[in-house]
Amino acid sequence: MSTVTTADHHDEHHDHKPTGIKRWLFTTNHKDIGSMYLIFALVMFFIGGAMAMVIRLELFQPGLQFVDPQFFNQMTTVHGLIMVFGAVMPAFTGLANWMIPMMIGAPDMALPRMNNWSFWILPFAFLILLITLFMPGGGPDFGWTFYAPLSTTYSNDTTALFVFSVHIMGISSIMGAINVIVTIVNMRAPGMTWMKMPLFVWTWLITAFLLIMVMPVLAGVVTMVLTDKYFATSFFDAAGGGDPVLFQHIFWFFGHPEVYIMILPAFGIVSAIVPTFARKKLFGYASMVYATASIAILSFLVWAHHMFTTGMPVFATLFFMYTTMLIAVPTGVKVFNWVATMWRGAMTFEVPMMFALAFIVLFTIGGLSGVMLAITPADFQYHDTYFVVAHFHYVLVSGAVFSIVAAAYYWLPKWTGHMYDEKLGQLHFWCSLISVNLLFFPMHFVGLAGMPRRIPDYALQFADFNAFISVGGFLFGLSQLIFVWVIIKCARGGEKATAQVWEGAEGLEWEVPSPAPYHTFGTPPQIK
Amino acid sequence: MAKTRGWRWSLPALLLAGPACASGSNLNMTPGVTDISLQVYNLHMTIFWICCAIGLVVFGAMFVSILLHRKSRGVEPATFHESTKVEIIWTAIPVLILIVMAIPATRVLIAMEDTSDSDVTVLITGSQWRWHYEYLDYDINYFSILATPRGQIEGRLPKGENYLLEVDRPLVIPTDKKVRFLMTSDDVIHSWWVPDFAIKKDTNPGFINEAWTQVNEPGIYRGQCTELCGMDHGFMPIVVIAKEPADFEIWAKAEEARIAEIREEEQRLLALQMNLDEQMELGERVYMAHCAACHQPNGEGLPPMFPALKGNQVTMEDRAEHIKVMVDGRPGTSMASFARQLSLRELTSVITYGRNAWGNDTGDVVQAAEVYEYMQGKGSN
Ligand code: HEM
Ligand SMILES: [Cu+2]
């Protein structure tokens, strides 16, 4: 690939930016906006995490000790909403903002003002959501899936604010997605053909299409909730000719692609990190692209696997069972490709690699429990128990979140110009790896033994496991404080990072100096 | 550079082996007590072992690679990076495995959905937060609610053996007979789950779902609501007693007689006057079992979702409205109708209780006839 030194010198001349709060409020710079997204996601991760701590505290022992059931339900609901829409999605958008222009040799995102806007409406969305918790009647308490009629006829009066807040989150995501698509389609450097794009760019492109297709569906379904509750429509009310199960069909038509929105960029990150530290090209690049695309397409055909117990006709149930089993195949191909990439490489095990390796193993465990859940007769037993909770936390925490952490370690030197503290990072990794398994693995067992999810109190046979799980949860929460310390320390100083940072790293982002100058690729590089 | 140790991946592997050692204990899915539940259990174990095998291969390859292909051993990285043949192989093998799994899964699923030729039918209605069972072939119907005392939940009393898994009146079904369940709901979506029967079915308001079971072993089987249904979702257990068919018939006769007796008693009651003390005593028991979860034992409620009854305009003044709310509920809120759920005697007493407890002290003594008159007037019950 080309060198871009001349362009950089040119850039540094123009490195002025406003200072103070104005810089951040009015910025249209993809790096500033990326940083804001990432910091926002981290803050949300801790707020959502604090709610998880409340949940685990209440579940530490049988009986009601600390919170009443209503508040407990608000905690599970808002925890889910914040982690999905406030932590994981903005973190990926932040990474996209920082890295996509640098990876394709573009000077910035294609629509910088919209970029500013799509970030700055987010804090308001979550402020509204969080404020409802302190209003009379409390916040949303119907689960992050807000099934009707619990969220309509039987919900409290802050539901309107919940709907408003979800609308804002949706608008923000759609704007972010449009920006990603336009940037990738129009602003690739000369010679950056489709099949030369890094996989992170590919996976984000496909994710952005998923977002554009399903966020309006979410907007539609929350609006229907709003009108059912306040304007006497009956979309989901049988008494008026509606159907509560219709809600679930619409929600999961959004919801299943949504879970892939939270994992495809993670696939891209791992596909960047593993080759770097194995010092070997990614195995099966083309098949990775095709697998990502097939996952995206299939993700529109599996939604009702969340609804096997709703009493669908047998043929529909069978259809969704088969498609769900099928979606495991391209997912498997990805895992096999990563292992083949490692095979006969020359690996080293810095923190990003450690998190990427943990991702591969733990995400695969989550994928395997997904295959178990696809077997419909068995799903009747698993559904809405802690087994499902274990499944989606394996794919989302030790999957999506681990990939985000891996990405942060991987690119921190590029962002700050300093190497992070490797010892602290390793400590963070080992504490996280052990505690995440203490936390989520036993959930498989309590689920199989029959403990339903979303309950504040439980029968005595689940007591030992729950105490154990809670301890794992507290340890996992504490471990993340190490992460914050690593980031602060790295931002403040440390060993100077080189442009390439990692011995095996390849790609345009590693050709600009570290820290990356405020403006990069003012003149597009030539890719051969 | 990080040091790494070989046992790194043994933790997940060890944990994965868990359910295998644990089958039969309370770490794994129950094989249950029906032919279907056993088949479901077998599907679960088959797919579980398949997943273990896949995990073993994938994690094994990773483990070997991590051990051997590391820079610190001075290896040179290979340069291969694609192979269509390999990609086809590792696409095709999972497809084959899944097809092999799909066949028995399809067979079991179709058997589970076949509710034809049943011997007994029970209509199950979920509501916040109790189950109602109605035997379509008998003159029997009743509510089934959590029997665990609040004191145990709040930690004032030691917790009993079946903490949160006990009800006042269990569902009773015959063994060796095909029992069909029709399921619906009065308010939000609930889900009726008894693991030992491998039945979990949502109760959708306004719609009817079907399921069936044929239990082989007499016994007591416990389950819970599994669809988030509001505040007391965690407190609406299910208990099913399976009896030999002859015992079941005896129970059904006795139950029909009991229900008939209650009806007669109600008729007698209409003429009778109950005094305040008597009503307060019964009313308090009913209140604690049916009302206190929302309106709180001290009558102060949890506003604004659950209004206080203490000092409330309705309980203090508007007697007709008080009766109306108890009989009809407040549509569109969690306040259910109690007309079907409580006997006339209980209903009357709990109204009187509400008008005199927690310092409301209106001195009103409502009589059964008055409540009955309202119910007749609107043609309910
Ligand atoms: C091998 C691929 C996968 C398969 C076959 C699969 C299958 C399933 C099935 C059947 C369910 C419904 C279980 C139930 O409620 O009874 C489920 C739930 C779920 N899955 Fe997956 N899954 C897979 C991968 C993923 C991934 C990659 C993610 C996200 C990163 C994910 C996130 C979730 C979530 C969040 C839920 C639960 C949602 C809720 O009810 O709150 N899954 N999965
Ligand atoms: Cu799904």
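Points to keep in mind about this one:
- Across peptide A:151-160, the mean count of Cβ atoms from other chains lying within 10 Å of each residue's own Cβ comes to 3.
- Radius 12 Å from Cβ of B:Leu344, net charge of other residues (Lys, Arg +1; Asp, Glu -1): -2
- Label-point separation, A:Met213 to B:Thr333 (7 Å along Cα→Cβ), nm: 4.5 nm
- In this simple spin-label approximation, B:Arg107 and B:Glu300 carry label points 7 Å from Cα along the Cα→Cβ vector, and these lie 6.2 nm apart.
- In a reduced charge model with +1 at each Lys and Arg Cβ and -1 at each Asp and Glu Cβ, the stretch B:149-269 shows a dipole moment near 180 debye about its Cα centre.
- Rg(Cα) / (2.2 N^0.38 Å) computed for the stretch A:234-339, rounded to two decimals: 1.38
- Positive dipole terminus of the protein assembly as shown, leading residue within A:Phe124, A:Asn97, A:Gly417 (C-beta point charges): A:Gly417
- Residue order by solvent-accessible surface for B:Glu113, B:Glu87, B:Glu284, A:Glu495 is A:Glu495, B:Glu284, B:Glu113, B:Glu87, largest first, with ligands and nucleic acids left out and a 1.4 Å probe.
- Sequence of A:Glu58, B:Glu256 from largest to smallest accessible area, 1.4 Å probe: B:Glu256, A:Glu58
- When both the stretch A:152-197 and the stretch A:128-149 are represented by their alpha-carbon centers, they are found 23 Å apart.
- Amide H contacts under 5 Å for B:Met335, placed H, 5+ residues apart: B:Arg330
- Violating pairs (Cα-Cα greater than 30 angstrom) within the set A:Lys22/A:Lys489; A:Lys280/A:Lys528; A:Lys17/A:Lys334; A:Lys31/A:Lys229: A:Lys17/A:Lys334; A:Lys31/A:Lys229
- Here the dipole of the stretch A:30-225 is about 620 debye; that uses its Cα centre as origin and unit charges on the Cβ of Lys and Arg (positive) and Asp and Glu (negative).
- Averaged over the residues of A:452-464, the number of partner chain Cβ atoms lying within 10 Å of the residue Cβ comes to 6.
- Legend: mean number of C-beta atoms from other chains within 10 angstrom of residue C-beta atoms, peptide A:282-291, equals 3.
- Projected area averaged over orientations for the stretch A:30-225, convex hull of C-alpha atoms, nm²: 11.7 nm²
- Ordered by 1.4 Å accessible area with all protein chains kept, A:Leu373, A:Leu57 run largest first as A:Leu57, A:Leu373.
- Share, in percent, of DSSP beta bridges within the protein assembly as shown that are antiparallel, nearest 5: 70 percent
- Rounded to whole Hz, the Karplus (6.51, -1.76, 1.60) HN-Hα couplings of the stretch A:299-304, x for glycine and proline: 5, 8, 10, 10, 3, 6
- For chain B, the share of DSSP beta bridges that are antiparallel, to the nearest 5, is 70%.
- Of the residues B:Ala53, B:Ala257, B:Thr362, the one whose Cα sits farthest towards the positive end of the charge dipole of chain B is B:Ala53 (charges of +1 on Lys and Arg Cβ, -1 on Asp and Glu Cβ, taken about the Cα centre).
- Selected from B:Leu146, B:Leu270, B:Leu302 as most flexible by GNM, with chain B as the system and alpha-carbon contacts under 10 Å: B:Leu302
- Over the stretch A:30-225, Cα pairs under 8 Å with separation of 6+ residues give a relative contact order of 25 percent.
- Measuring nothing but how far apart in sequence close Cα pairs (under 8 Å, 6+ apart) lie, relative to its length, chain A scores a relative contact order of 21 percent.
- Counting every pair of alpha carbons in the protein assembly as shown, the share spaced more than 50 Å apart comes to 24 percent.
- Only alpha carbons enter this Debye calculation for the stretch B:272-376, each as an equal point scatterer, and the log10 of I(q)/I(0) it gives at q = 0.10, 0.14, 0.15, 0.21 Å⁻¹ is -0.23, -0.46, -0.53, -1.13.
- With the whole protein complex present, A:Asp32 retains an accessible surface near 10 Å², based on a 1.4 Å probe.
- Here the spin labels are modelled as points 7 Å beyond Cα on the Cα-Cβ line, and at B:Glu261 and A:Tyr290 they lie 7.5 nm apart.
- Check: the stretch B:77-162 dipole with +1 on Lys, Arg Cβ and -1 on Asp, Glu Cβ, in debye: 560 debye
- Positive contributions from Lys and Arg (+1) and negative ones from Asp and Glu (-1), summed over other residues with Cβ under 12 Å from the Cβ of B:Leu38, come out at -3.
- Long-range amide H partners of B:His190 with built H, under 5 Å: B:Thr203
- Between the C-alpha center of the stretch B:60-111 and that of the stretch B:353-367 there is a gap of 73 Å.
- Comparing the full protein assembly with the isolated chain (1.4 Å probe, heavy atoms, ligands and nucleic acids excluded), the residues of the stretch A:117-141 losing at least 20 square angstrom of accessible area are A:Gly137.
- Heavy atoms of B:Ser334 accessible to a 1.4 Å probe, total area in Å² rounded to 10: 30 Å²
- Distance from the Cα centroid of the stretch A:468-490 to that of the stretch A:315-370 is 25 Å (rounded to whole angstrom).
- Dimensionless Rg ratio for chain B, taking C-alpha atoms and the 2.2 N^0.38 Å reference: 1.36
- Computed [θ] at 222 nm, helices only, for the protein assembly as shown once each DSSP H run of length n ≥ 4 contributes -39500 (n - 2.57): -18500 deg cm²/dmol
- Here the calculated FRET efficiency for B:Ser83 and A:Tyr230, from their Cβ-Cβ distance with R0 = 41 Å, stands at 0.10, rounded to the nearest 0.05.
- Each principal axis of the Cα cloud of the stretch A:121-256 was taken in turn, and the coordinate range along them, longest first, works out to 60, 34, 21 Å.
- Contact-buried residues of the stretch B:187-222, at a threshold of 50 Å² lost accessible area versus the chain by itself: B:Val188, B:Ile189, B:Trp193, B:Lys200, B:Asp202, B:Phe207 (1.4 Å probe; DNA, RNA and ligands ignored).
- As a calculated quantity, the FRET efficiency between B:Leu136 and A:Leu475 at R0 = 51 Å, using C-beta atoms, amounts to about 0.45.
- Radius 12 Å from Cβ of A:Thr159, net charge of other residues (Lys, Arg +1; Asp, Glu -1): -2
- In whole angstrom, the stretch B:187-290 maps to an equivalent ellipsoid with semi-axes of 32, 23, 14, each derived as √(5λ) from the alpha carbon gyration tensor and ordered largest first.
- Cα principal axis extents for chain A, largest first, Å: 70, 48, 46
- The residues of chain A present an accessible area of 31 Å² per residue when probed at 1.4 Å with all protein chains retained.
- Placing a label point 7 Å from the Cα of B:Asp35 along the Cα-to-Cβ line, the residues of the stretch B:89-110 whose backbone N sits under 20 Å from it are B:103-110.
- Estimated FRET transfer efficiency (B:Gln273, B:Gln341; beta-carbon r; R0 22 Å; 0.05): 0.35
- Highest-MSF residue in chain B out of B:Ile199, B:Ile88, B:Ile47 [GNM, Cα springs under 10 Å]: B:Ile88
- Accessible carbon and sulfur surface of the stretch A:30-225 relative to its total accessible area, %, 1.4 Å: 78 percent
- At 1.306 mPa s and 10 °C, Stokes D of the stretch A:263-516 from Kirkwood alpha-carbon radius, µm² per second: 80 µm²/s
The values are calculated or read from the model by the stated rules, or taken from the named source; none is laboratory data. Model, not experiment: these values are computed from the prediction. Note: ideal-geometry Cβ built from the backbone for every residue, glycine included; neighbour counts use all protein chains shown. When the accessible area is computed, the model is the full protein with side chains, heavy atoms only, and any ligands, DNA or RNA have been set aside. Shrake-Rupley method; radii C 1.70, N 1.55, O 1.52, S 1.80 Å.
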